[in-house]
Amino acid sequence: MRILHLILSSGFAGTERATAEMCNAHASEHEVLLVVRAGHRKRGVSIRDFLSPEVRVVEVPRFWPGRAIARVIREFKPQVAHAHLRRATRYLAQLKPDCATISTLHMWVNGPHFLQMDGLIVIAAWQKKALATYSGRLFEINESLVSHRRLERTEIARLRQEWGVGEDDFLIGGVGRLAHSKGFDLLIQAFLSCNFPKARLVIVGEGREKTRLLRLAQGRVHFTGFRADVKDCYQAFDLFVSPSRSEPLGRVLLEALDAGTPVLASATEGATETLSRYPGRLVGLNDASALAQALQEYATHRPPRVALDLSPYYLSVVAQDTLAAYRQVIADHAARS
């Protein structure tokens, strides 16, 4: 199968990781080409750093890339074109290529162009509410997860020491883009308002809110910046917190659960759905006081680590489900031609 992926974002966050994982999973048996925008590398990090050598990559202009995308599609002749996020889906809808089209709702339906795809992949059940009038194929396919190896105790100790965290300290961790939607200001406020001298807070990630968050933290929070070894970090945390104001699914929740780390999250759509299937605690949105109370309780009565069956999210399963979706939209496209 000839598969074209299109993503026109910059930097490397959850959507870029999911796209890279799917490209890699299919490239060993299929022809896979990924189209990205020029200047996609942000703060030194790019999706290209996480792709296998078998994945072909083409860069198109940052501004007005439609003509270049059309040329790539014309030359590669994909059987299916898979768009990720709003901008890529909009261009694919405008171009109307002579192949099957599909888009993954990594967030929500934030434009009419999604409804013009031959198929849509929803990664959370709540996303279907906005698709009552959609006439194409709808596929419910889980977010992908690559289960991480278990670290040795010495490796975990080294990470904690690097952050100035002692063996007996209670380490609270957060992971994600430093953006308003991720709610790290709420987590910092909650942490600073609590009285637990043996607790520490570490936040992994980069973003435009970093300067403001540093001021808010008053030197009492450790910011690691972007880390390629982020999956190691979860295993060093005693509690993982997702304080987001908006979270469609929350890949970070799955990665934390895969690490065996107890999870506390604000009640976003994604966290509510994920923690209805797996153990964890929810607090209200934008509620720093409820978050502080939960942190205090966890620090006083430290939660045990968890061992869960996350196999429905494993990349090997999700990749096969995605191939089945491709075959269906390809067949639908051929029947219309």
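For the stretch 5-23, give me each residue that is closer than 22 Å to residue 77 by Cβ and either surrounded by fewer than 23 Cβ atoms within 10 Å (Cβ to Cβ) or of a type in the set (D, E, K, R) (or both). Listed by number, the list holds a single entry, 8. Among the residues of the stretch 137-154, the ones that are surrounded by 13 or more Cβ atoms within 10 Å (Cβ to Cβ) and touching a residue at least 60 places away in the same chain (Cβ under 8 Å) come to 11 in all. For residue 278, the criteria (1) within 19 Å of residue 260 (Cβ to Cβ); (2) in a helix (DSSP H, G or I); (3) at pLDDT 95 or above hold in every case but one, which is (2). Within the stretch 265-272, does at least one residue satisfy the condition of being modelled with pLDDT under 95, within 25 Å of residue 169 (Cβ to Cβ) and of a type in the set (A, V, I, L, M)? Scanning the stretch 265-272, I find no residue that is modelled with pLDDT under 95, within 25 Å of residue 169 (Cβ to Cβ) and of a type in the set (A, V, I, L, M), so the answer is no. Please go through the stretch 173-194 and pick out each residue that is aliphatic (A, V, I, L, M) and either under 20 Å from the mean Cα position of the chain (by Cα) or on the phi > 0 side of the Ramachandran plot (or both). Matches in the stretch 173-194: 175, 178, 179, 187.
If you go through the stretch 183-231 and pick out every residue that is among the polar types (S, T, N, Q), touching a Leu at 6+ places or on another chain (Cβ under 9 Å) and not in a helix (DSSP H, G or I), you end up with 1.
Looking across 296, 235, one residue alone is touching a Cys at 6+ places or on another chain (Cβ under 9 Å) and among the polar types (S, T, N, Q). It is 296. Counting only residues that are touching a residue at least 60 places away in the same chain (Cβ under 8 Å) and of a type in the set (Lys, Arg), the stretch 299-326 holds 1 of them.
Yes/no per residue for (1) under 16 Å from residue 16 (Cα atoms); (2) surrounded by 15 or more Cβ atoms within 10 Å (Cβ to Cβ); (3) touching a residue at least 24 places away in the same chain (Cβ under 8 Å); (4) in contact with a strand residue (DSSP E or B) (Cβ under 8 Å, 6 or more places away or on another chain):
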site: 35; (1), (2), (3), (4): yes, yes, yes, yes
site: 40; (1), (2), (3), (4): yes, yes, yes, yes
site: 47; (1), (2), (3), (4): yes, yes, yes, yes
site: 50; (1), (2), (3), (4): yes, yes, yes, no
site: 64; (1), (2), (3), (4): no, no, no, no
site: 67; (1), (2), (3), (4): no, no, no, no
site: 106; (1), (2), (3), (4): yes, yes, yes, yes
site: 113; (1), (2), (3), (4): no, yes, yes, no
site: 123; (1), (2), (3), (4): yes, yes, yes, yes
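Flag: residue 242 does not match the condition of being within 23 Å of residue 290 (Cα to Cα), surrounded by fewer than 19 Cβ atoms within 10 Å (Cβ to Cβ) and not assigned by TED's automatic domain parsing to the domain that holds residue 109. In this entry, residue 252 passes the filter for residues that are in contact (Cβ under 8 Å) with a residue 12 or more places away in the chain, crowded, with 23+ Cβ neighbours inside 10 Å, out of contact with any His (no Cβ under 8 Å at 6 or more places or on another chain) and part of a helix (DSSP H, G or I).
The values are calculated or read from the model by the stated rules, or taken from the named source; none is laboratory data. This is a predicted model, so every value here is computed, not measured. Using ideal geometry, Cβ is built from the backbone for each residue, glycine included, and neighbour counts are taken over all protein chains shown.
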